[in-house]
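Here is the structure we will look at.
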Amino acid sequence: MTTLSNYFYSLSQTPHRLRKRMLATWTPDQEFNQVRQRSGADMKRKLNWYDLIALGVGGMLGVGVFVTTGPVALHQSGPSVFISYIIAGISALLSSLCYTEFAVQVPVAGGAFSYLRLTFGEFLGYFGGANILMEYVFSNAAVARSFTEYLSFAFGENNPNVWRVEVHGLPKDYNMLDFPAVALILLLTLCLCHSTKESSILNLIMTVFHVIFFGFIIVAGYYNGSTKNLVNPKGIAPYGVRGVLDGAAIVYFSYIGYDSASTMAEEVKDPYKSLPIGIVGSVLITTLLYCLMALSLCIMVPYNKVSHI
């Protein structure tokens, strides 16, 4: 009976303990010491500021040009889509400065999860961390599926689903299994698990080629385009200021990934110097490339013909 009464007493205390745990906050000292003791050995500090810039640029660069720029130019901003990117870039820069301040004060691997746990408690920390994980899962899945389509076109196939397996009985648009996308994600996951330094080198190489490709497109657009396309047929801002701001809200999606550098804080050699340079530098470089690319797109063709590219 004593054991049963103790059990019911503990059960009755569960809401109180859960509420206390949800609102409990951690101190920076706890984050530095207790979490590391539970995790085991400290992470090796091998990353420099240029590794963080490559990581941030590699995480952000690409989505805005290939997914959002065309539709936003056509339906929201017109030729002033580059102004939308500037506004979104300023917003991302201000947010990245907040990440930088937290990352310098608490240079651990938790990222936004650790920052929320320190300030608002464990429940909001868990909620924020879960949302970030969901964000990366969905974005990686979308990019991997797009990779299969681009790869099929590169091999001369006109059907984007040629390398996908159709499963009968599932709802439409959910019945195409993309094994190349799964293989790509598994391959990159193995690279990340192998070593932080080696994976950062691979990311640096891929980012360099990505920037070179962007530079080629930008130069080609400016060389072959015409500035008349910026004002034809209805001016540089055919949808007005509201259209520019609506476009900025949409292209902000292109900057997802600037917070990835802060999660590497525990693996940076000099976090007080490298983190601000890495986080802010990656946002500035990406903003510049996005603006030049968007401007190049609108110089090549009028905004109302972007969908025909």
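Taking the range 110-140 as the region of interest, how many residues are in contact with an Asp or Glu (Cβ under 9 Å, 6 or more places away or on another chain), among the small types (G, A, S) and under 30 Å from D178 (Cα atoms)?
Looking only at that region, the number is 0.
For the range 250-309, which positions are in a helix (DSSP H, G or I), closer than 27 Å to V104 by Cβ and charged (D, E, K, R)?
Of everything in the range 250-309, those that are in a helix (DSSP H, G or I), closer than 27 Å to V104 by Cβ and charged (D, E, K, R) turn out to be D259, E266, E267, K273.
Being of a type in the set (D, E) and farther than 21 Å from M134 by Cα is the filter; apply it to the range 232-277 and report the residue that is surrounded by the fewest Cβ atoms within 10 Å (Cβ to Cβ).
D270
Among all residue pairs at least 6 apart or on different chains, which show Cβ distances below 7 Å where the first residue, located in the range 103-129, is farther than 19 Å from I256 by Cα and the second is among the aromatic types (F, W, Y) and outside any helix (DSSP H, G or I)?
Pairs found: R117/W26; L118/W26.
Yes or no: the range 199-220 includes at least one residue that is part of a helix (DSSP H, G or I), in contact with a strand residue (DSSP E or B) (Cβ under 8 Å, 6 or more places away or on another chain) and either under 30 Å from E267 (Cβ atoms) or among the aliphatic types (A, V, I, L, M) (or both).
Residues of the range 199-220 part of a helix (DSSP H, G or I): 199-220.
Of the ones still in play, those that are also in contact with a strand residue (DSSP E or B) (Cβ under 8 Å, 6 or more places away or on another chain) are 200.
If we keep only those that are either under 30 Å from E267 (Cβ atoms) or among the aliphatic types (A, V, I, L, M) (or both) too, we end up with 200.
Yes: one or more hits.
Of the conditions (1) under 28 Å from A294 (Cβ atoms); (2) more than 20 Å from the chain's Cα centre (by Cα), W163 clears all except one; give me its number.
(1)
Each row is one residue, and each column tells you yes or no for (1) in contact with a strand residue (DSSP E or B) (Cβ under 7 Å, 6 or more places away or on another chain); (2) exposed (fewer than 15 other Cβ atoms within 10 Å of the Cβ); (3) among the charged types (D, E, K, R).
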position	(1), (2), (3)
Y150	no, yes, no
R164	yes, no, yes
H168	no, yes, no
V182	no, yes, no
L187	no, yes, no
L192	no, yes, no
G225	no, no, no
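Which residue out of S80, S91, S114 is at pLDDT below 80 and either assigned to a helix (DSSP H, G or I) or charged (D, E, K, R) (or both)?
S114
Need the failing condition index for P171 against (1) outside any loop (DSSP other than H, G, I, E, B); (2) free of Cβ contacts under 8 Å to residues at least 12 places away in the same chain; (3) not aromatic (F, W, Y), just the number.
Unmet for P171, out of (1) outside any loop (DSSP other than H, G, I, E, B); (2) free of Cβ contacts under 8 Å to residues at least 12 places away in the same chain; (3) not aromatic (F, W, Y): (1).
Which residue, of V231, V211, is within 19 Å of the chain's Cα centre (by Cα), within 30 Å of Y303 (Cβ to Cβ) and at pLDDT 80 or above? Give the derivation first.
Numbers: V231 fails: within 19 Å of the chain's Cα centre (by Cα).
It is V211.
The values are calculated or read from the model by the stated rules, or taken from the named source; none is laboratory data. Remember, it's a predicted structure, so these values are computed and weren't measured experimentally. Reconstructed Cβ throughout: ideal geometry from the backbone, glycine too, with neighbour counts over all protein chains shown.
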